[in-house]
Amino acid sequence: MEYPQGWLSTRLEESGQKQAAWRTDPTKSGAAGCLGDIGTHAENLAEFITGLRIKELAADLTTFVEGRALDDDGNVLLRFDNGAKGILHSSQISVGEENDLNIRVYGELGGLEWHQQEPNTLLVKWNDRPTEIRRTGLGYLGANAAAHSRIPAGHPEGYLEAFANIYRNFANHLRAVLDGTTPDATALDYPKIEDGIRGMAFIEAAVDSSKHNARWTPLPA
């Protein structure tokens, strides 16, 4: 999984740009900069898509822009709870990159590739046949994917619609609880407090690992 951006490749925080200022200030952002801001999105994406949990990590966090107080680039080796291994790269000094959150997952029979900047397309890869291109809004999608497609195929859909799906699912879950009914699986498909706690544990472990020369560091079970 990768999350490269380039907008903080200079000391933008010194120009009065508020979004840059708080992200690079440890009194506001906390113990991590780039890793806490966008690396956690890549971490959450990996655990959500695979259904696996990160067991331990070895992180190398770097501050490349001179004078900056927090990391602006990070590379993390991951070990998952089923024996799978991964690489997480997050950077806010990758010059020319916009917002290229992406993930590649490889199993025994095939692979998956998805890019946030082209969110309507999923690549499914095989050893013995051509790569498949799967698109949103089409009839071959599974029930859960179809439930989260809001507009007809061929129309741009992605970032803002994803927030709408989260709000809708939370509202439907809340409605079911208030009505005393059992929510369906779609209503439960949104980030919960446990996901936030996992993100904080990931930051803490990565910062500690990097301070100790990328020492392998466990995450809480």
Checklist entry - Only one of (1) assigned to a helix (DSSP H, G or I); (2) touching a Cys at 6+ places or on another chain (Cβ under 9 Å) fails for Ser90. Which number is that? => result (1)
Item to check | Qualifying residues in region 161-195 (those that are exposed (fewer than 11 other Cβ atoms within 10 Å of the Cβ) and in contact with a helix residue (DSSP H, G or I) (Cβ under 8 Å, 6 or more places away or on another chain)) - the one modelled with the highest pLDDT | outcome: Thr182
Checklist entry - Within region 201-213, is there a residue that is out of contact with any Ser or Thr (no Cβ under 6 Å at 6 or more places or on another chain), surrounded by 16 or more Cβ atoms within 10 Å (Cβ to Cβ), at pLDDT below 95 and acidic (Asp, Glu)? => result no
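Pull up region 124-150, narrow it to residues that are of a type in the set (Val, Ile, Thr), in contact with an Asp or Glu (Cβ under 9 Å, 6 or more places away or on another chain) and more than 22 Å from Asp184 (Cα to Cα), then point me to the one that is surrounded by the most Cβ atoms within 10 Å (Cβ to Cβ).
By that ranking, first place goes to Val124.
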Next on the checklist: Can you tell me which of (1) among the β-branched types (Val, Ile, Thr); (2) within 20 Å of Ala206 (Cα to Cα); (3) more than 20 Å from the chain's Cα centre (by Cα) is the one Ile133 doesn't meet?
Outcome noted: (2)
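Name the residues in region 1-30 that are in a loop (DSSP other than H, G, I, E, B) and surrounded by 16 or more Cβ atoms within 10 Å (Cβ to Cβ), would you?
Passing the criteria: Met1, Gln5, Gly6, Trp7, Leu8, Ser9, Thr24.
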Item to check | Inter-residue pairs, beta-carbon under 9 Å, first without any contact (Cβ under 8 Å) to a residue 40 or more places away in the chain and more than 23 Å from Cys34 (Cβ to Cβ) and in region 88-111, second β-branched (Val, Ile, Thr) and in a strand (DSSP E or B), 6+ apart | outcome: Gly110/Val124; Gly111/Val105; Gly111/Val124
Item to check | Subset of region 182-205 (residues that are without any contact (Cβ under 8 Å) to a residue 24 or more places away in the chain and among the small types (Gly, Ala, Ser)) | outcome: Ala187, Gly196, Ala201
Checklist entry - Residues in region 49-59: is at least one of a type outside the set (Lys, Arg), part of a loop (DSSP other than H, G, I, E, B) and under 21 Å from Pro191 (Cα atoms)? => result yes
Next on the checklist: Within region 104-123, take every residue that is surrounded by fewer than 15 Cβ atoms within 10 Å (Cβ to Cβ) and under 25 Å from Gly154 (Cβ atoms) and give me the one that is farthest from the chain's Cα centre (by Cα).
Outcome noted: Thr121
Checklist entry - Out of region 32-73, which residues are more than 25 Å from Leu122 (Cα to Cα), in contact with a helix residue (DSSP H, G or I) (Cβ under 7 Å, 6 or more places away or on another chain) and surrounded by fewer than 16 Cβ atoms within 10 Å (Cβ to Cβ)? => result Asp60, Ala69
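The values are calculated or read from the model by the stated rules, or taken from the named source; none is laboratory data. This is a predicted model, so every value here is computed, not measured. Don't worry about glycine lacking a Cβ; one is built from the backbone with ideal geometry, like all the others, and counts go over all protein chains shown.
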